[in-house]
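Novice: Shown below is the structure under consideration.
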Amino acid sequence: MSNESPPPRRELGEWLVEQGRLTERQFELVRHRQRRLHIPQHRALVDLGYATEEEAWRALAETQGLEFVDLAGREFTREELEVVPLKVILHFRTLPIGVDGDVVTLAFSEPPRQVDLASLRMLLHRRLKVVLTTPATVNRVINQRFGLGAETVERLREERGAGDASPDVVFDVPTAPTSAAVEATIADFVDQVVADAIRQRATDIHLEPYYSAIRLRYRIDGVLQSIPVPPGLRDLHASIVSRLKIMSGLNIAERRLPQDGRISLKTESEEYDLRVSVIPTKHGEAICLRVLGRQSLLLDAALLGLEPSQEATLRELIQLPQGLVLLTGPTGSGKTTTLYAALGHANDEGRKVITIEDPVEYQLEGVSQIQVRDDIGLTFSSGLRSVLRHDPDVVLIGEIRDSETAEIAVRAALTGHLVLSTLHTNDSVSSVARLLEMGVEPFLVASSLVCSIAQRLAQRLCPQCRQEDLAIPDMIRAEMAASLEIAPEEAHAYRAIGCPECNGRGYRGRVAIYEFFTVSDNVADLIVPAVKTGQLRRAARLEGWRSLREMGWIKVQHGMIALSEQRRLNHRLVPHLGDA
C-alpha cells in the first residue's frame, strides 16, 4: 500500500498564517514572489527568509499529508542507492531510503505528481511509499555519491553512443564532441556548475585539469572546498573550456596564452558578472571564474558588518565635499565591496562620480567607470589626471600603488574632490606612514586625509546551529571584558557545529570587521616626517579609536564569529589592550 495523497486542501502560506507562523503581510509578499518568479510557495518562503528550508519543507509535508524525514546526518552507501536506477534518482531527485518486501520508500525533494508515481511503479515493479525531505539533502547525497553533473555525463554517454563504456575511461587527449545535442548538454553542465556555486554563495569557481581527472573547487567564505564530479568528466574538459570561452568572448583556438574575459548572466532574483581567467597548464587549460553579484553591492551599510557608530561615520564621510578616504587591508578582505557600497550612497543626481579601476569589477548605473590599460599607457596616474579635468565631485581610485598616483590623489582631495581609494597596510593608522613612504609631503597628508578604514573578512557563524562555547580561557575572558566594558562572567563566545542550512560547515556567509582612524586636528598636528605609528595610535585612542582586535570582540560577543576566527584574523594586531 502506498501513502500517495490528494492535493492539499489549502495553500501552504494560508496554513502557516492559520498556525500563527506567518503574518498576513508576509503571506502577501510570498504570493507576490510566487507569481512573479513562477515558483512554489515553499521556495518563496525560503527565498524571503521567512523560514529555513527544513521548516518550509516540514510544513509542506503536513499540508500534503506526507511524512517528513530528516536525512541530514545520514550517509548513504552505493548499495543502498542501487535499489533504483541512477537515471531515476537523477531525474526525479529522489533517494531510496528503505525496502520492506515489495515496498520501497522513496524520499523526494518535491511532492511527486500522480503520473510520475504511476510511471515509477511500472518501472520499478514495486509499490511505493512516498516521504519528503529537503532539496539540500538530496543534492548533497547525489553530489557526494555521483558527483556534480552526473546526469550530464549519463546523458552524454547516450548521445555519443557510449552507454556501455566504463565510467572510468579517460582519454589522454580530450576530444571535443561536435554534435548539437552534445554541445547543448555541455552548456547545461556549465550552467549547472555556475548555478550550484551561486546557490552555495561561492565567490570563485576553479576548474583544474590533471592527467586522469578534473578537480572542481569553490571558494566559499574565503576557503576553497572540493566539489565531487563524475569520473568520466575528464574527456569533456576541452568542450567545457570551449563553452566558457564562447560565453566570455575569448579565442577558442588559442590554448597557449592566458586569456581574460567576462560573462554576464541573470538568475531569477539577481544579475551576476563572472570574471573569467584562463591559463595554460601541462594537462590543459585551467579556468577560474570570479562571481560578482551586481545587486548584492547595493547593501545597507549595517549589513556589511559596521557597528552603528561606524555606520554613522561612514555616511558622514560619503557626504563630504572634499577629502581623502582610504580603505586598507590585505587582498580579499572586501575593500572593493565596501567602497562600492559607500559609492552607491554617494551616487545621486547632484554629484558627478568617476572611477578608475583595474579591473572594473562591478558595473554601476550612473557612474562613469574607466578600466586601466597599462599596455596603451592608461595607468592610474595618467587616467587620474584626465579624470580631474572632467569636473568630478567624487573620484574612486581602485588602488594607490605608486608615489605619482598618491601625489595626485592627495592634491585632488585638497582641491574640491572627495577621493575614495584602497591601500595595502596592516591597520588603519599605518596608512599615514605608507603615504609618507611614497613621498607625499606630511603637510599634504595632514590636510587631505580625512579617515582611514582597515577591514578584515571573517567567516560568519551559522545562526541555526551555533552553540555557546563554555571553554573560554581566563585570559581571553578578561580581555573581552575589558574591551567590551562588561563583567568577565558576562563575556560569551560561540562555536561552529554544522547543519543542513550551512551544508554541515558551521559557517554561513562572511561579516567584515572594521577599524576607523579619523584624522582630527590633534592627530593632524602630529603628522611630521619622523612621526611614529604608535604615537598616532595613542593620540587616536584618546579620541575613541579602537583596534580591529577590539572590534572583533564585539562580533564574538554577539555570536557572529567564533573565537578561532578572531584569533586567526587578529592574533598579531594589538595583542594586549595596553600596548596601543
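The values are calculated or read from the model by the stated rules, or taken from the named source; none is laboratory data. Remember, predicted model here, so these are calculated numbers, not experimental data. FYI the Cβ positions are ideal-geometry reconstructions off the backbone, even for glycines, and counts take in every protein chain you see. Just so you know, the surface numbers come from the protein's heavy atoms only, side chains and all, with ligands and any DNA or RNA stripped out. Shrake-Rupley method; radii C 1.70, N 1.55, O 1.52, S 1.80 Å.
Novice: Could you tell me whether segment 360-376 includes any residue that is open to solvent by less than 70 Å² (accessible area, probe 1.4 Å) and in a helix (DSSP H, G or I)?
Specialist: Within segment 360-376, none of the residues are open to solvent by less than 70 Å² (accessible area, probe 1.4 Å) and in a helix (DSSP H, G or I).
Novice: Take ASN522 and decide whether it is polar (S, T, N, Q), at pLDDT below 90 and either surrounded by fewer than 16 Cβ atoms within 10 Å (Cβ to Cβ) or more than 27 Å from SER431 (Cβ to Cβ) (or both). Break it down stepwise before answering.
Specialist: Numbers: polar (S, T, N, Q): yes; at pLDDT below 90: no; either surrounded by fewer than 16 Cβ atoms within 10 Å (Cβ to Cβ) or more than 27 Å from SER431 (Cβ to Cβ) (or both): yes.
So ASN522 fails the test.
Novice: Filter segment 449-468 down to the residues that are open to solvent by 10 Å² or more (accessible area, probe 1.4 Å) and among the aliphatic types (A, V, I, L, M) and list them by number. Give the steps one after another, and end with the answer.
Specialist: If we filter segment 449-468 for residues that are open to solvent by 10 Å² or more (accessible area, probe 1.4 Å), which is where we start, we get 450, 456-457, 459-460, 463-468.
The answer is VAL450, LEU457.
Novice: Do you know which residues across segment 205-258 are outside any helix (DSSP H, G or I), modelled with pLDDT of 90 or more, open to solvent by 50 Å² or more (accessible area, probe 1.4 Å) and β-branched (Val, Ile, Thr)?
Specialist: Once the filter is applied, which keeps residues that are outside any helix (DSSP H, G or I), modelled with pLDDT of 90 or more, open to solvent by 50 Å² or more (accessible area, probe 1.4 Å) and β-branched (Val, Ile, Thr), segment 205-258 yields only ILE252.
Novice: Next question, about the same structure. Is it the case, given these coordinates, that GLU54 is at pLDDT below 85 and of a type in the set (D, E, K, R)?
Specialist: no
Novice: Then there is this: Quick one: ALA512 ticks every box in (1) farther than 21 Å from ARG201 by Cα; (2) not in a loop (DSSP other than H, G, I, E, B) except a single one, so which number is it?
Specialist: ALA512 satisfies all of (1) farther than 21 Å from ARG201 by Cα; (2) not in a loop (DSSP other than H, G, I, E, B) except (1).
Novice: Say we look at segment 419-437 and pick out the residues that are out of contact with any Asp or Glu (no Cβ under 7 Å at 6 or more places or on another chain) and in a loop (DSSP other than H, G, I, E, B); which of these is least open to solvent (accessible area, probe 1.4 Å)?
Specialist: Filtering first and then ranking leaves VAL429.
Novice: Residues ARG33, ARG93, ARG74: which one is on the phi < 0 side of the Ramachandran plot, open to solvent by 40 Å² or more (accessible area, probe 1.4 Å) and either in contact with an Asp or Glu (Cβ under 6 Å, 6 or more places away or on another chain) or of a type in the set (Lys, Arg) (or both)? Write out each step before concluding.
Specialist: Details: ARG33 fails: open to solvent by 40 Å² or more (accessible area, probe 1.4 Å); ARG93 fails: on the phi < 0 side of the Ramachandran plot.
From the options ARG33, ARG93, ARG74, the qualifying one is ARG74.
Novice: I need the full set of residues from segment 474-486 which are free of Cβ contacts under 8 Å to residues at least 40 places away in the same chain, part of a helix (DSSP H, G or I), closer than 17 Å to ILE554 by Cβ and open to solvent by 30 Å² or more (accessible area, probe 1.4 Å), in order please.
Specialist: Answer for segment 474-486, where residues must be free of Cβ contacts under 8 Å to residues at least 40 places away in the same chain, part of a helix (DSSP H, G or I), closer than 17 Å to ILE554 by Cβ and open to solvent by 30 Å² or more (accessible area, probe 1.4 Å): ARG477, ALA478.
Novice: Could you list, in sequence order, the residues of segment 334-359 that are modelled with pLDDT of 85 or more, open to solvent by less than 50 Å² (accessible area, probe 1.4 Å) and either part of a loop (DSSP other than H, G, I, E, B) or within 26 Å of LEU224 (Cβ to Cβ) (or both)?
Specialist: Scanning segment 334-359 gives LYS335, THR338, LEU339, ARG351, GLU357.
Novice: Being over 20 Å from GLU565 (Cβ atoms) and open to solvent by 50 Å² or more (accessible area, probe 1.4 Å) is the requirement here; does GLU489 meet it?
Specialist: Values: over 20 Å from GLU565 (Cβ atoms): yes; open to solvent by 50 Å² or more (accessible area, probe 1.4 Å): yes.
Judged against the criteria, GLU489 is a match.
Novice: Right, here's the next one. From the list LYS245, LYS266, which residue is among the charged types (D, E, K, R) and free of Cβ contacts under 8 Å to residues at least 24 places away in the same chain?
Specialist: On the way: LYS245 fails: free of Cβ contacts under 8 Å to residues at least 24 places away in the same chain.
Within the list LYS245, LYS266, the selection yields LYS266.
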